[in-house]
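The values are calculated or read from the model by the stated rules, or taken from the named source; none is laboratory data. Nothing here was measured: the structure is a model prediction, and the numbers come from that model. Ideal geometry is used to build each Cβ from the backbone, glycine not excepted, and the neighbour counts take in all protein chains shown. Protein only, heavy atoms only, side chains kept; ligands, DNA and RNA dropped before computing areas. Shrake-Rupley method; radii C 1.70, N 1.55, O 1.52, S 1.80 Å.
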Amino acid sequence: MNPMTSCCLIVGCFWLAIFCGSSTCMLAYNDDHPHKWEMLYLVHQWPVTVCKMNDHDCKDPILYWTIHGLWPDKAEDCNSTWHFDMSEIKDLMDDMNKYWPDVIHPNHTRFWKHEWDKHGTCAASLESLNSQKKYFGKALDVYKKIDLNSYLLKIGIKPGNSSLQLAAIRDALTSIYNVTPKIQCLAPEEGQLQTLAQIKFCLTKEFTLRNCTEPKSDSPPAHEDHFFKMENLLNCNDTLVYYPSHVHLYK
Ligand SMILES: *[C@@H]1O[C@H](CO)[C@@H](O)[C@H](O)[C@H]1NC(C)=O
Ligand SMILES: *[C@@H]1O[C@H](CO)[C@@H](O)[C@H](O)[C@H]1NC(C)=O
Ligand SMILES: *[C@@H]1O[C@H](CO)[C@@H](O)[C@H](O)[C@H]1NC(C)=O
Ligand SMILES: *[C@@H]1O[C@H](CO)[C@@H](O)[C@H](O)[C@H]1NC(C)=O
Ligand SMILES: *[C@@H]1O[C@H](CO)[C@@H](O)[C@H](O)[C@H]1NC(C)=O
């Protein structure tokens, strides 16, 4: 191969790479639905772990799973001009305060605004979620229907227990719901156990439970929510897991 040919080959490959790269870009760009998503997560959080992750001692922490959010899997921040308006959800206030509190700050408004801005504006592409009242109301309905707190107690999985096997929790949930939720943990500190943090149930656009297997698609998954500094949660490992009943800050 003479130097001229190999040079052309290299240049050719270079252009081919550019072309292929930009054509996938074009496809993504021309998509009719720039914020396409396929399923929803109803994310439950364990308040004690949230407190710990935020270095907050949360005197008298809440001892039931609360809502973190209702999140489309592949879209976020979809409409910056659609502002959160507390007056639209005033009828939901009792449930919002009880089941969807900001476990760190006494005023929950900033948390709800964040959830609406980041996730609600994307979920609103569904007619059944296309207002703030529908979005927050539906999340509360689904949360009550899943009723995770009652089921966990019924099968004897109680906070304060540090001899729970992750697999036992997961298998119990799978047999109750016929789907396997994602269970996320805070990685252990030196000599400690992983700590239970979040349980994410996956839902279809019709709000039925589904398995969380990744749907085939080119769009990247949305990021973890950063409101509570929980971006470094991991899937729990198949070992013992700590389900804390009080905040213990190691410092
Ligand atoms: C964004 O929200 C505004 C205000 O509610 C609305 O008028 C507009 O249609 C929305 N845009 C999209 C693309 O949904
Ligand atoms: C919470 O903060 C919002 C604005 O950030 C304010 O409008 C609202 O009145 C506050 N709520 C309470 C209960 O203090
Ligand atoms: C903790 O969970 C294990 C396994 O389910 C159970 O055998 C044990 O009795 C529980 N301990 C407490 C203190 O609840
Ligand atoms: C979820 O997956 C489990 C195990 O693969 C399966 O038995 C179950 O039927 C699935 N559930 C749904 C709703 O598809
Ligand atoms: C699970 O195990 C891997 C490999 O040992 C480790 O890197 C990761 O931090 C563990 N995750 C949790 C939540 O402990």
Is it true that residue 71 is in contact with a helix residue (DSSP H, G or I) (Cβ under 7 Å, 6 or more places away or on another chain), within 22 Å of residue 49 (Cα to Cα) and open to solvent by less than 40 Å² (accessible area, probe 1.4 Å)?
yes
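Please tell me if residue 65 is free of Cβ contacts under 8 Å to residues at least 60 places away in the same chain, away from ligand 3 (no atom under 16 Å from the Cβ) and closer than 23 Å to residue 141 by Cβ.
Working: free of Cβ contacts under 8 Å to residues at least 60 places away in the same chain: no; away from ligand 3 (no atom under 16 Å from the Cβ): yes; closer than 23 Å to residue 141 by Cβ: yes.
Taking the combined requirement at face value, the residue does not satisfy it.
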Output for the range 81-118, where each listed residue is open to solvent by 40 Å² or more (accessible area, probe 1.4 Å), more than 20 Å from residue 46 (Cβ to Cβ) and either within 16 Å of ligand 5 (Cβ to nearest atom) or in contact (Cβ under 8 Å) with a residue 40 or more places away in the chain (or both):
82, 85, 88, 91, 117
Over the range 49-68, the set of residues surrounded by fewer than 21 Cβ atoms within 10 Å (Cβ to Cβ) and over 20 Å from residue 150 (Cα atoms) is 53, 54, 55, 56, 57, 58, 59, 60
Can you work out which of the residues in the range 32-48 that are open to solvent by less than 10 Å² (accessible area, probe 1.4 Å) and more than 16 Å from ligand 4 (Cβ to nearest atom) is farthest from residue 110 (Cα to Cα)?
37
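Take the range 122-131 and flag every residue that is in a helix (DSSP H, G or I) and open to solvent by 10 Å² or more (accessible area, probe 1.4 Å). Full working, then the answer.
Step one: of the range 122-131, the residues in a helix (DSSP H, G or I) are 122-123, 127-129.
Within the range 122-131, 127, 128 qualify.
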Please verify whether the range 152-163 includes one or more residues that are part of a helix (DSSP H, G or I), open to solvent by 10 Å² or more (accessible area, probe 1.4 Å) and more than 16 Å from ligand 5 (Cβ to nearest atom).
yes
Among the residues of the range 119-147, count how many are over 14 Å from residue 40 (Cα atoms) and touching a His at 6+ places or on another chain (Cβ under 6 Å).
0
Residue under evaluation residue 68, criteria (1) outside any helix (DSSP H, G or I); (2) more than 18 Å from the chain's Cα centre (by Cα), criterion not met:
(2)
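Which of the residues that make up the range 86-112 are in a loop (DSSP other than H, G, I, E, B) and closer than 17 Å to residue 138 by Cα? It would help to see each step written out before you state the result.
Here is the first cut: in the range 86-112, the ones in a loop (DSSP other than H, G, I, E, B) are 100-108.
If the condition is that a residue be in a loop (DSSP other than H, G, I, E, B) and closer than 17 Å to residue 138 by Cα, then 100, 101 are the ones that fit.
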Flag for residue 213 being among the β-branched types (Val, Ile, Thr) and modelled with pLDDT of 95 or more:
no
Restricting to the range 164-188, name every residue that is part of a helix (DSSP H, G or I), touching a residue at least 12 places away in the same chain (Cβ under 8 Å) and either open to solvent by less than 60 Å² (accessible area, probe 1.4 Å) or within 16 Å of ligand 1 (Cβ to nearest atom) (or both).
166, 167, 169, 172, 173, 176, 177
